[in-house]
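Peer 1: Sending over a structure as structure tokens; questions will come in a sec.
A short reminder: the numbers here are calculations on the coordinates, not readings from a lab. Given the structure is predicted, the values throughout are model-derived calculations rather than measurements. A quick note on method: Cβ atoms are made from the backbone with ideal geometry, for glycine too, and the neighbour counts reach across all protein chains shown.
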Amino acid sequence: MKKRLLSILLACAMVVGLTACGGGATTENAAPEAATEESAEATSESGDTPLVVGYAPFSSKFSPFFAETVYDQDTQEVTQVSLLENDRQGGMIYKGIEGETINYNGTDYTYYGIADLTVTENEDGTVYYDFKLRDDVKFSDGEALTADDVIFSMYVYADPTYDGSTSLYALPIEGMEAYRSGMETRYNLILADGNGGYTANDFYTEEQYNDFWAAFDKAGEAFAQEIVDYCVAAGYAADSADVATAAAAWGYADLAAEATAADFFDAIVAAKGYDLTDEGINYETAGTSITTFLTENFTDDSLVAGVQTGESAPSITGIQKVDDYNVRVVLTEVDATAIYQFSFFVAPLHYYGSDELFDVANNSFGFPKGDLSLVRAKTTQPMGAGPYKFVKFENGVINFEANENYFLGAPKTKYMNFLETQEQDKLNGAITGTVDITDPAFNKDVVAAIQKANGGETSGSVITVSTVDNRGYGYIGMNAEVMSVGGVKDSDASKNLRKAFGTIFSVYRDVAIDSYYGELATVINYPISNTSWAAPQPTDEGYKLAFSTDVNGNDIFTSDMDAEAKYDAAQAAALGFFEAAGYTVADGKVTAAPEGAALEYELLIPGDGAGDHPSFMICTLAKEALSEIGINLIVTDLTNSSDLWTALEAGTCAMWCAAWQTTVDPDMFQIYHPEGGSNYQYDIDDDELSQLIMDARATTDQAFRKLMYKECLDIIIDWAVEIPVYQRQNAIIFSTERVNMETVTPDITTFYPWWSEIQNIELN
């Protein structure tokens, strides 16, 4: 729920977590040498002053396998290495050993990683992913990183009891399903049996049963209380005891005034059952998964262990050790998303598992299958082969020390601290000297404060600002079923009805977004984040402004039009679309609606009842323009954003404003395919679009995928179920006085953050 709520409210806080980050790039084409004694000595001579980075609070889950929060995951970015790295545009690097040179923003950058990848599509439909590792990569304790560490990590991610965030197990890896079948955790078995009293069985005892349900109650109360605390922080409830108000804001309006967090959780269970997935109880999470709360409350650790319930393969046949520095993974079919899943962190077998339990020939992979206790035991104290070593976390500070064994060379700044910093203190900390790098919520007030500190400049002698596009984007949505003529959502008449509204909304995007964000956001013309490699660019063939042609396909606007002329032209074009949809138009006004359509539609916008939303001005200006031509647009400004999701899930919402968060891979199945989990919002069902989506999944040719996604985007625009509105920016700020800006990662992007070349950063 939090994720949904945040995307609607469009919180401007920087989102910096990304599983695969660039492992290092240079403008030189020479391959990097392994870390040397000379580089380590240079580091030690650079001084003991730490680089201080201002962060949000951590949850202490620093494991590469089990880190959950964005900020905990960032700890992994500086302590671990990924099997594959990515470039500044999110593209994966296939030749990490020798380096792969890619132009960005007019500069050639060469990217390095720990592995080369060769992909072979076979005639029988299988696909080989052959990974060749560098032979000079070491973990921070000096142990070599080999194929054993890669295979160990894969088996942790693939274990039937693994409950972390990496989904390697979802890939069509040969033998994966057979390996994961026939085993289940004790707590899942108990959960499936329900809370109706213990019944004797072969899988768990009465004591384990009772321990589980006691832990379940404690976990549920903590889970619900986190929601309450979030609502208090967001201003939806008075205090932590105001459970009923918070529950109502979360979509549970029937609790008694004196309700407790336990009562709130009971209501969630009543609605979702004992389903712990993202479709069940965890759908309501305010940050921490119900599974995490649950496992933290077990007194009997055997509850998280796997129990053999049926036949199961002893190994994954598609994960093959070729030799000490080569691994082959066999997929049963082409899966375009696989390349991104293989960007996982490679953790040391000898630290997180057991060398004695690793014997590929005898189906032993560093830990007992179904028992990740060895791995979980190191959750708070990570170790890896990244640029920094994790030292300790105490009193809100994570202490790191340069890893002299880092394969790209030891960091030039020996010490680094991640400091828990309140949002309101981040900017002031950078100005006054308590932090060197941080990520304040980026808005006009913050920009004004930065300019004041810099004597009028956004980047100056005190603060340097680096902005990147946010991975998500804002949009106005329409439900095809509700916004239809005669209930036929894919008819030309229905599309024309939606295009009429889309044309009016679109013409006001520039003025509204400039008013709300200024230079902190730009208008976009396709329903995809500009950060994606699949996003059409103005220089691409076939690029068009969204909703800029009339019902006959002619351009609505000309280059010499001023704003008022464009507004008039959009009104005229909208009338043409309404008439084509079957509406009666006379004397420049709509006078009657066809059967199965209306003269009045409602738009829901979560502006806190105060119009505080980037698209609010668009909606109010569109309301006025539509009124002038005989259409009544009701703009409902919601104080409770959950009402929007209730309406969407009920299929009754005609139009709404929200924002999508996007992934590195632009796969469109979830939203635009009829079988996708979020398709209900738009209710789009187009055979050509569906086939293109599936075809794009079935090839690894990125250039070809981009062409197919452009066709998909054109179809989505033609359906007029989504009006793309804005691409906002996030910011990282640096203390110009203390950080040598010439050493900071150049051309920072969403997919290539400031720490991508952290080994080069120096303090003044």
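Peer 1: Quick one: length gained pulling LYS544 to GLN308 fully straight, 0.36 nm per residue minus the C-alpha distance?
Peer 2: Once the chain is fully extended between LYS544 and GLN308, it gains 79.3 nm.
Peer 1: Would you mind ranking ARG728, ARG738, ARG498, ARG134 by Cβ crowding within 10 Å, fewest neighbours first?
Peer 2: Fewest-to-most Cβ neighbours within 10 Å comes out as ARG738, ARG134, ARG728, ARG498.
Peer 1: Same structure, new question: Give, in nm to one decimal, the length gained when the segment between THR126 and ASN740 is fully stretched (0.36 nm per residue of separation minus the Cα-Cα distance). Write out the running numbers ahead of the final one.
Peer 2: Values: separation 614, 0.36 × 614 = 221.04 nm, distance 4.94 nm.
Difference between extended and current length: 216.1 nm.
Peer 1: Further, regarding this structure: Mind jotting down the distance between the C-alpha centroids of region 278-339 and region 116-194, whole Å?
Peer 2: Cα centres, region 116-194 to region 278-339: 8 Å.
Peer 1: Measuring from a point 7 Å past the Cα of MET694 along Cα-to-C-beta, which residues in region 165-179 have an amide N at less than 14 Å?
Peer 2: none
Peer 1: For LEU51, enumerate residues with amide H under 5 Å from its amide H, sequence gap 5+ or separate chain, H modeled in the peptide plane.
Peer 2: When sequence neighbours closer than 5 places are left aside, the close amide H contacts are TYR415, MET416, ASN417.
Peer 1: Taking 0.36 nm per residue of separation and subtracting the Cα-Cα distance, what length does fully extending ALA650 through ALA192 add?
Peer 2: 162.1 nm
Peer 1: Mind checking which of SER642, ASN632, TYR682 is farthest towards the positive end of region 628-737's charge dipole, using Cβ charges of +1 (Lys, Arg) and -1 (Asp, Glu) about the Cα centre?
Peer 2: Farthest along the dipole direction, towards plus: SER642.
Peer 1: Take every Cα-Cα distance within the chain, group them into 20 Å bins from 0 onward, and report for each bin the whole-number percent of pairs it holds.
Peer 2: 15, 46, 34, 5, 0
Peer 1: Okay, moving on. Simple spin-label model, 7 Å along Cα-to-Cβ: GLN424 to TYR94 in nm?
Peer 2: 5.3 nm
Peer 1: Seen from all sides and averaged, what is the projected area of the convex hull of the Cα atoms in region 184-308, in nm²?
Peer 2: Dividing the Cα hull surface by four gives the mean projection, 7.6 nm².
Peer 1: How would you rank GLU123, GLU457, GLU85, going from fewest to most other Cβ atoms within 10 Å of each one's own Cβ?
Peer 2: Ranked by crowding around the Cβ, least crowded first: GLU123, GLU457, GLU85.
Peer 1: With a cut-off of at most 16 other beta carbons within 10 Å, and DSSP calling the residue loop, which chymotrypsin sites (Phe, Trp or Tyr not before Pro) in region 655-764 qualify? Please list them.
Peer 2: Numbers: sites: TRP656, TRP660, PHE669, TYR672, TYR680, TYR682, PHE704, TYR709, TRP719, TYR726, PHE734, PHE751, TRP754, TRP755; in loops: TYR682, PHE751.
Listed in order of number, the matching sites amount to none.
Peer 1: Name all residues of region 104-148 having a backbone nitrogen under 20 Å from the label point set 7 Å from the Cα of ASP701 along its Cα→Cβ direction, giving them as ranges.
Peer 2: It comes to 118-129, nothing else.
Peer 1: Tell me the mean residue ellipticity at 222 nm calculated for the chain from its helices only (DSSP H runs of n ≥ 4, each -39500 (n - 2.57), averaged over every residue, nearest 500).
Peer 2: -9000 deg cm²/dmol
Peer 1: Hey, with R₀ at 30 Å, roughly what FRET efficiency would ALA271 and ASP612 work out to, going by the Cβ-Cβ distance, to 0.05?
Peer 2: That gives a FRET efficiency of 0.55.
Peer 1: Using a 7 Å offset from Cα along Cα-Cβ at GLU595, what residues in region 465-506 end up with backbone N under 11 Å from the label point?
Peer 2: Within reach of a label on GLU595, which here means backbone N under 11 Å from a point 7 Å along Cα→Cβ, region 465-506 contributes 486.
Peer 1: For GLU333, list long-range residues whose amide hydrogen, built 1.01 Å from N in the peptide plane, is under 5 Å from its own amide hydrogen.
Peer 2: Those lying under 5 Å, H to H, from GLU333 are VAL127.
Peer 1: Based on the Cβ-Cβ distance of GLN661 and ASN764, what FRET efficiency does E = 1/(1 + (r/R0)^6) give at R0 = 35 Å, to the nearest 0.05?
Peer 2: Using R0 = 35 Å, I get an efficiency of 0.45.
Peer 1: Where in region 573-666 are there GluC sites (Glu not before Pro) that are in a DSSP coil and have at most 12 other Cβ atoms within 10 angstrom of their Cβ?
Peer 2: Passing both the DSSP loop test and the Cβ count: GLU595.
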